[in-house]
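What follows is a short report on a single structure.
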């Protein structure tokens, strides 16, 4: 029963990546792969008291490409922004900005699962920038969710 639920959840998450308003049109099987990776990360975050606050945000980028997505964050909340990318991606980075160019937090480690931790000093609109640092496809697909506690 549990594995059936997980498959249903992964299928639902894949559909959200394909059709969600904040998401680009991610083609299958990449949408399923990204949804599965996000759900694995979400399970770990839930164990630590986090709930999804926004997402999924998704898109495709060529190596060296970047795209920004706007999110609303509240002062004093503890946030985690969890990113993933498809199997052809070797390194995706996430940066968080306020006021267009003021860097607030980032995860630019060489990995395919960036996690940004932030506790905003002010409530407002922030921009999450996804950067495809290393990609063996054209494009590579990424997705991220925002979690809070």
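Only one entry of 128, 116 meets the criterion of being closer than 20 Å to residue 38 by Cβ, under 17 Å from the mean Cα position of the chain (by Cα) and in contact (Cβ under 8 Å) with a residue 60 or more places away in the chain, and that entry is 128.
If you go through the range 54-74 one residue at a time, do you hit one that is farther than 23 Å from residue 31 by Cβ, surrounded by 14 or more Cβ atoms within 10 Å (Cβ to Cβ) and either at pLDDT below 95 or more than 12 Å from the chain's Cα centre (by Cα) (or both)? Checking the range 54-74: at least one residue is farther than 23 Å from residue 31 by Cβ, surrounded by 14 or more Cβ atoms within 10 Å (Cβ to Cβ) and either at pLDDT below 95 or more than 12 Å from the chain's Cα centre (by Cα) (or both). Just to be sure before I move on: is residue 138 within 15 Å of the chain's Cα centre (by Cα), under 27 Å from residue 28 (Cβ atoms) and either assigned to a loop (DSSP other than H, G, I, E, B) or at pLDDT below 95 (or both) in the structure I sent? So residue 138 fails the test. Residues that are touching a strand residue (DSSP E or B) at 6+ places or on another chain (Cβ under 7 Å), surrounded by fewer than 18 Cβ atoms within 10 Å (Cβ to Cβ) and touching a residue at least 12 places away in the same chain (Cβ under 8 Å) are absent from the range 29-48.
Go through the residues of the range 19-38 one by one and say whether even a single one is within 27 Å of residue 123 (Cβ to Cβ) and at pLDDT 95 or above. Within the range 19-38, one or more residues are within 27 Å of residue 123 (Cβ to Cβ) and at pLDDT 95 or above. Total residues in the range 86-112 satisfying the condition of being surrounded by fewer than 17 Cβ atoms within 10 Å (Cβ to Cβ) and either in contact with a helix residue (DSSP H, G or I) (Cβ under 8 Å, 6 or more places away or on another chain) or under 12 Å from residue 135 (Cβ atoms) (or both): the figure is 3. In the range 86-95, the qualifying residues are those that are in a strand (DSSP E or B) and more than 12 Å from the chain's Cα centre (by Cα), and the one that is farthest from residue 55 (Cα to Cα) is 90.
Rundown of residues vs (1) surrounded by 12 or more Cβ atoms within 10 Å (Cβ to Cβ); (2) touching a helix residue (DSSP H, G or I) at 6+ places or on another chain (Cβ under 8 Å); (3) part of a loop (DSSP other than H, G, I, E, B), yes/no style:
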residue: 77; (1), (2), (3): yes, no, yes
residue: 80; (1), (2), (3): yes, yes, no
residue: 84; (1), (2), (3): yes, yes, no
residue: 116; (1), (2), (3): yes, no, no
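What's the number of the only condition in (1) over 11 Å from the mean Cα position of the chain (by Cα); (2) closer than 19 Å to residue 38 by Cβ; (3) not in a loop (DSSP other than H, G, I, E, B) that residue 106 fails to meet? Here residue 106 meets the rest and fails (2).
The values are calculated or read from the model by the stated rules, or taken from the named source; none is laboratory data. Fair warning: this is a prediction, and the values are worked out from it, not measured in the lab. Virtual Cβ from ideal backbone geometry, glycine too; neighbours counted across all protein chains shown.
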